Amino acid sequence: MTGVQTCALPIYALALAEKEVRRVLEHGFQAGELQEVVANYHNRLEQAVKTAATRRSANLAGALASSLMAKEVSLSPEDNLALLGPALAALTPAECTAAFRTAWSAPHRNLFVAGRAPLPGNATPDAATVEAQALSVYNNSRAVPVAAPEARAEQAWGYADFGPAGTVAKRESVADLGLTLVTFANGVRLNVKATDFEAGRIQVSVRVGTGLLTEPKDQPGLAYFAGSIFTAGGLGKHSADDLNRLLAGHNTGFGFRVASDALTVNAATNRADLLLELQLIGAHLTDPGYRPEAVRQALKAQDETYTELEHTPSGPLQLEVTRRLASGDPRFGMPAKAELQKRTVDEVKAWLTPQLTAGPLEIALVGDLDPEAAIAAVARTLGALPARAARPALAAERRVAFPAQGASWSFTVPTEIPKGVVALYWPTTDANEIQRTRRLTILSSIFNDRLRVKVREELGGAYSPAAGNSSSDTFTGYGYMLANVIIDPPAAATIASAVRLIAADLQRNGVTEDELNRAKQPILTNVRESARTNAYWIGSVVNKAQEKPEVLDWARSRQADFESISRAEVDALAREYLVPDRSFQVTVLPEGKK
């Protein structure tokens, strides 16, 4: 039996799944596989106990409600560990294999295929064609023998020694914010904040190099490609699979991204595994693997991503509009698929290596930590690396602008989704003046509320109208106010006109006192609540505390500043930025719809 739905999963994945199931049925689970799973599962149970005292009330309430709805008994983390810990310790590969074979003992198989299922010579195959091809792929796979997996060789962690520990060249205390700022002799900057918000948890953020700012203009998509292959390539001494085994049972992570102005790493760990986490980060900076399997995975993912973008109404916003709004700058939006597929590992290495090995590096640690122990751990790892360069100004690279004149662009997409999109953009400015950015946030909140009332409640023409402000903290003078509405295609012109009228009224007549107060209250609530979260401190303050020290004052002032925002200030921004003839209108409709 097959099913056909719209998503991007080729039917040939059936062969891989079938072989893996048959491998276990014929050869059983291996001891190393079980050890890895048990170690990770047991670690989750232990961490749940350690963090139980600081669980967020909303999360705890949701878990209790889910248990009640499922008619299950809600257990404490301590009870879960006491109940499941001994059972995990007693598990054997033979028992798991037997249970797996019992679960798969039914004499039939139900195959489920989801996606557009591209087949040779069939751009849009019908269900019968997909079913026939799926069965053929599955049966052909069953005819291929499967061998037992090779025994896993024991490995030792290969990145415990980075040389003599680095020395502290400068240290500063920011007492009112609870920060310790350290600069090592090699130029690495460390920012530490101890909190009691999440017991047993440390958030880690690393910013290194210059990121998208310096993507070569003749290599569009290089940043996207680099982000796709870097982590999956593992390390020089350990593949990604090796790392999964070596780090099983530990609290480590490595979330790599090419951000607009830096290469970033985000992770979570605890006191016991902080040194290991820092070693993992140092290893990726000094010895990335760039293995071929990472490229193969990236190419498959790219195919799926572009198939989805090319057949959904929001696709042109990423494939076309984002770059047009930046006057064709190739660093913005998704590159053409053909361009992306030209990118190579050698290009990635040539671009990333100087950033990773010598680029400016700032690390932030926030959470349940001992500052002195954290400083010592960084000294043994990132603080021991070769000297880092100072962060360059890159004034020319930061320049980007909207087109000189407003415009209206229309697109059609081949899709079975019976919806379209209307999006309007008004150029604003960057985020470097925080008071202005906060007032633009208030303006966008009021715009969003008016949009909801008009489009959803009065016209009934959308599922999810939304407005917001996006101000860049990287590109000089660049930002925009956006109104985005999912529409029924026949209502495109009506919805676009309604959005323009809302913007024009705000620009001409400003906001009301009631609207201002209603916009402020949820934001002020969020300001108060977020100040008690590691996520706010690591993502908005501590990660850039030395590179951009003004963020310290931003943290100090944000509640009082939001409270002080006046109608006159918001009205002035509406008059300045919501100018009708400076807007960019985008309409995306399904092919054949008007």
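Residue by residue, the range 301-308 carries 3J(HN,Hα) couplings of 5, 4, 4, 5, 4, 5, 4, 5 Hz when phi is fed to the Karplus relation 6.51 cos²θ - 1.76 cosθ + 1.60 (θ = phi - 60°); x denotes Gly or Pro.
Kindly give the semi-axes, whole Å and largest first, of the ellipsoid equivalent to the range 492-556, taking each as the square root of 5 times a Cα gyration tensor eigenvalue.
Numbers: eigenvalues 246, 50, 32 Å².
Calculated on Cα positions only, the semi-axes equal 35, 16, 13 Å.
Proximity of backbone amide H atoms, modeled 1.01 Å from N, is registered between Val400 and Thr476 at under 5 Å, excluding neighbours fewer than 5 places apart on the same chain. For the chain, the solvent-accessible area of protein heavy atoms averages 47 Å² per residue (probe radius 1.4 Å; ligands and nucleic acids excluded). The relative contact order of the chain comes to 16 percent, based on Cα pairs under 8 Å that sit 6 or more residues apart.
Distances over 20 Å make up what percent of all Cα-Cα pairs in the range 214-340? Present the calculation step by step, with values, prior to reporting the outcome.
Details: 4234 of 8001 pairs.
The calculated P(r) of the range 214-340 puts 53 percent of pairs beyond 20 Å.
Using a 10 Å cut-off on Cβ atoms, rank the peptides 548-559, 90-101 from the highest mean neighbour count down. Display every interim value, and only then the final one.
Numbers: 548-559: 15.4, 90-101: 13.4.
Top to bottom by mean Cβ count within 10 Å: 548-559, 90-101.
For Leu235, nonlocal amide neighbours, meaning residues 5 or more places apart or on other chains whose placed amide H falls under 5 Å from its own, are Ala240, Gly289.
Phi-derived couplings, Karplus 6.51 cos²θ - 1.76 cosθ + 1.60 at θ = phi - 60°, listed residue by residue for the range 415-422: 8, 8, 6, x, 10, x, 9, 10 Hz, with x used for Gly and Pro. Between Gly479 and Thr428, Thr429, Ser472, the built amide H atoms are under 5 Å apart, and every one of these is 5 or more places off in sequence or on another chain. Sequence-distant contacts, meaning Cα pairs under 8 Å at least 6 residues apart, place the relative contact order of the range 26-180 at 25 percent. The base-10 log of I(q)/I(0) for the range 271-372, evaluated at q = 0.11, 0.12, 0.16, 0.19 Å⁻¹, reads -0.58, -0.67, -0.95, -1.05 [Debye formula, identical scatterers on Cα atoms, solvent excluded]. Computed over the range 431-572, the alpha-carbon pair-distance distribution with 5 angstrom bins reads 2, 9, 17, 19, 18, 14, 11, 7, 3, 1, 0, each value a whole percent.
Out of all Cα-Cα pairs in the range 359-445, roughly what percent, to the nearest whole number, are more than 23 Å apart?
Tail of the P(r) past 23 Å holds 64 percent of the pairs.
Bridge orientation summary for the chain: considering DSSP beta bridges with both residues in this region, about 80 percent are antiparallel.
Could you give the length gained by full extension between Ala531 and Leu88, i.e. 0.36 nm per residue of separation minus their alpha carbon distance, to one decimal place? It would help to have the intermediate numbers written out before the result.
Values: separation 443, 0.36 × 443 = 159.48 nm, distance 3.86 nm.
In short, 155.6 nm is gained.
Counting protein heavy atoms only, the chain has 54 percent of its accessible area on carbon and sulfur, 1.4 angstrom probe. If you wrap the tightest convex hull around every Cα atom of the chain and split its volume per residue, you get 191 Å³. The alpha carbons of the range 153-296 give a radius of gyration and a Dmax of 16.8, 51 Å, in that order. In order along the range 569-577, phi translates into HN-Hα couplings of 5, 5, 4, 5, 5, 4, 5, 6, 10 Hz, rounded to whole numbers, per the Karplus curve 6.51 cos²θ - 1.76 cosθ + 1.60 with θ = phi - 60° and x for Gly and Pro. Other residues with beta-carbon under 14 Å from the beta-carbon of Ser314 carry, at +1 per Lys or Arg and -1 per Asp or Glu, a net charge of -2.
The values are calculated or read from the model by the stated rules, or taken from the named source; none is laboratory data. Here the structure is a predicted model, which means the values were calculated and not measured. Here Cβ is always computed from backbone atoms with ideal geometry, including for glycine, and neighbour counts include all displayed protein chains. Quick note on the areas: whole protein, heavy atoms, side chains included, nothing else; ligands and nucleic acids left out. Shrake-Rupley method; radii C 1.70, N 1.55, O 1.52, S 1.80 Å.
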